[in-house]
1. Here are some residues: 113, 169, 144. Which one is assigned to a loop (DSSP other than H, G, I, E, B), modelled with pLDDT of 95 or more and either at positive phi or assigned by TED's automatic domain parsing to the domain that holds residue 199 (or both)?
2. Does residue 120 satisfy the criteria of being surrounded by fewer than 24 Cβ atoms within 10 Å (Cβ to Cβ) and farther than 20 Å from residue 45 by Cα?
3. Keeping to segment 289-304, report how many residues are surrounded by fewer than 18 Cβ atoms within 10 Å (Cβ to Cβ) and either in contact (Cβ under 8 Å) with a residue 12 or more places away in the chain or not assigned by TED's automatic domain parsing to the domain that holds residue 263 (or both).
4. Among the candidates 263, 276, 221, single out the residue that is touching a residue at least 60 places away in the same chain (Cβ under 8 Å) and either out of contact with any strand residue (DSSP E or B) (no Cβ under 7 Å at 6 or more places or on another chain) or on the phi < 0 side of the Ramachandran plot (or both).
5. From the list 174, 192, exactly one residue is over 29 Å from residue 92 (Cα atoms) and either outside any strand (DSSP E or B) or under 21 Å from the mean Cα position of the chain (by Cα) (or both). Which is it?
6. Of the residues in segment 247-280, how many are over 21 Å from residue 366 (Cβ atoms) and assigned to a helix (DSSP H, G or I)?
7. Of the residues 309, 286, which is over 22 Å from the mean Cα position of the chain (by Cα) and closer than 24 Å to residue 214 by Cα?
8. For segment 162-199, give me the residue count where each residue is without any contact (Cβ under 8 Å) to a residue 24 or more places away in the chain and touching a strand residue (DSSP E or B) at 6+ places or on another chain (Cβ under 9 Å).
């Protein structure tokens, strides 16, 4: 069986590599036509998609999947319509492939610049959400990359049904179906084989829980674009506007609890703690958020004791840790010690402190007087996103079309030779 899986994954990789060469040369119109054709097919096949999704939901209930996972797994009419709309939105985005910028004349007379090009073949490993199959395929297709998609076993029937719609859409415009391939086995060994296809796959992108991402990061022979945690902070500075501080803090935490850009630790300047903590406590108690505070916080409001582990924890739940810090220096030190380098925000009216925070906080997204929930590809004008990277290479922050491309140098001359 292991030999069969190895051969199967090798064939997927080989076909993807061949398709990537075709796709890299395809005009923007054809890619957009394919995306719209896939969107149409998803809507036409909505009943089939729901039937296949029901199989996954029933199997998931039998296995005892948590309600939150079942919710992410479900494909409703509105969910299918959103998938189709997402494809159309990506079709409407500018195509980055082939863009040339930065052209400069050198002393020798040649012109040197950059051209944006696809990465090649992208392997994406993800859990639960069937909509990721369509979103990931669309982003890779528009950016000129072939892709191999390996979804979770809990969504196998849904993913196969979505994959058939993608295949139909590609073939409708004359593109090889191998541009997007979905792994059709639930055998866990398929993941291991995908991570070893270094001659056929250029980049691996994991989307899912911490255990999945750690496994991929540890085992992959291929470069990985990833994030492990979303331990996000809001720091309320001495010079913060009170209304802004309360509004941004509440939204950062309670807008949604289970996302990587949700606030997990609130830092507040010592000079504002007595004034603001009672109101912060009141508003979070009203929405059912458990508060865990440092010793100084607990002297001001009633809450549970925060431990060292809390500063390291991404709760993904209605729990918030709070720490009173002396000043901006202490806030930056805490963030750079405990942050996962995802998203951190400062609330202040002081421009000098703003600049220091932006410069010294080492995170993928740094915000000023704004909710951490804005750390999102759509909100950044990228359209959809493949994920939010906390790496520094190759992409950082929300990874959209640009993040799925690379650069090569282009040189223009007129018979120039080097002396």
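The values are calculated or read from the model by the stated rules, or taken from the named source; none is laboratory data. Keep in mind that this is a model prediction, so the values were computed, not measured. Note that we place each Cβ from the backbone using ideal geometry, even for glycine, and neighbour counts take in every protein chain shown.
1. On inspection, the qualifying residue turns out to be 144.
2. Yes; evaluated as a whole, the condition is true for this residue.
3. Count: 4.
4. 263
5. So the residue among 174, 192 that is over 29 Å from residue 92 (Cα atoms) and either outside any strand (DSSP E or B) or under 21 Å from the mean Cα position of the chain (by Cα) (or both) is 192.
6. Selection size over segment 247-280: 11.
7. It is 309.
8. Within segment 162-199, residues that are without any contact (Cβ under 8 Å) to a residue 24 or more places away in the chain and touching a strand residue (DSSP E or B) at 6+ places or on another chain (Cβ under 9 Å) number 1.
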